[in-house]
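First up is the structure itself, then whatever we jot down about it.
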Amino acid sequence: MFETMYEAEGVGLAAQQVGYTGRETVWEGSVRPAVFINPEILWTEGEYIGEEGCLALPEDSENAECVTRRGIRCRVCALDGNGRVFEMDLDGIAAKALQHEIDHLNGVLILEHFNAIKRNLLRGQLRKLQREGKKQAPGMTYV
């Protein structure tokens, strides 16, 4: 998963984005990369409103970013790559990215943050690109 995330120049990746069904996400942390297995957000604080994109959307989709609302800070509890429980406090882009990846694990796609008109337009573009056999990033699958 890390290889796919790096190749796509992302900061996080959920298992479903590469065809795995497990509740696992990887993230490029400020100190070191991290694996989160069965992550749960314990709390969020503050509110960040801003543009957000997704590796699951094709690069050539028009208007593939949307405005989302995320906590500025959050605490997550998860298992690490060795099966040990840990908690981590995150803020800024790290909090935003992890909340985004956990959305994927919970079946919430960034499309659900778009307004109805933009969401329907983008779905049409995704279907067209899928018919043409295009992919948005190496190793990624359409959602």
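The values are calculated or read from the model by the stated rules, or taken from the named source; none is laboratory data. Bear in mind that the values here come from a model prediction, so they are computed numbers and not experimental data. Please note: Cβ atoms are built from the backbone with ideal geometry, for glycine as well, and neighbour counts cover all protein chains shown.
Condition (residue is polar (S, T, N, Q) and exposed (fewer than 14 other Cβ atoms within 10 Å of the Cβ)) applied to region 70-86: is it met by at least one residue? Taking every residue of region 70-86 in turn, at least one turns out to be polar (S, T, N, Q) and exposed (fewer than 14 other Cβ atoms within 10 Å of the Cβ). When the residues of region 36-62 are filtered to those that are touching a helix residue (DSSP H, G or I) at 6+ places or on another chain (Cβ under 6 Å) and over 21 Å from Leu105 (Cβ atoms), the one that is modelled with the lowest pLDDT is Ser61.
I want to confirm something. Restricting to region 126-143 and keeping residues that are part of a loop (DSSP other than H, G, I, E, B) and more than 16 Å from Gly53 (Cα to Cα), which single residue is modelled with the lowest pLDDT? So, considering only residues that are part of a loop (DSSP other than H, G, I, E, B) and more than 16 Å from Gly53 (Cα to Cα), the one modelled with the lowest pLDDT is Pro138.
Apart from one condition, Ala78 fits all of (1) of a type in the set (Gly, Ala, Ser); (2) at pLDDT 95 or above; (3) within 22 Å of Lys118 (Cα to Cα); the exception is (3). I'd like to know if region 110-125 contains one or more residues that are under 20 Å from Met1 (Cβ atoms) and either touching a residue at least 24 places away in the same chain (Cβ under 8 Å) or in a helix (DSSP H, G or I) (or both). Yes; the residues of region 110-125 include at least one that is under 20 Å from Met1 (Cβ atoms) and either touching a residue at least 24 places away in the same chain (Cβ under 8 Å) or in a helix (DSSP H, G or I) (or both).
Would region 25-33 turn up any residue that is at pLDDT 85 or above and touching a helix residue (DSSP H, G or I) at 6+ places or on another chain (Cβ under 6 Å)? Reasoning before the result, please.
Looking only at region 25-33, we keep the residues that are at pLDDT 85 or above, and these are 25-26.
So of that shortlist, the ones also touching a helix residue (DSSP H, G or I) at 6+ places or on another chain (Cβ under 6 Å) come out as 25-26.
Yes, some residue in region 25-33 is at pLDDT 85 or above and touching a helix residue (DSSP H, G or I) at 6+ places or on another chain (Cβ under 6 Å).
Residues that are over 15 Å from the mean Cα position of the chain (by Cα), part of a helix (DSSP H, G or I) and modelled with pLDDT of 75 or more: does region 94-105 have at least one? No, region 94-105 contains no residue that is over 15 Å from the mean Cα position of the chain (by Cα), part of a helix (DSSP H, G or I) and modelled with pLDDT of 75 or more.
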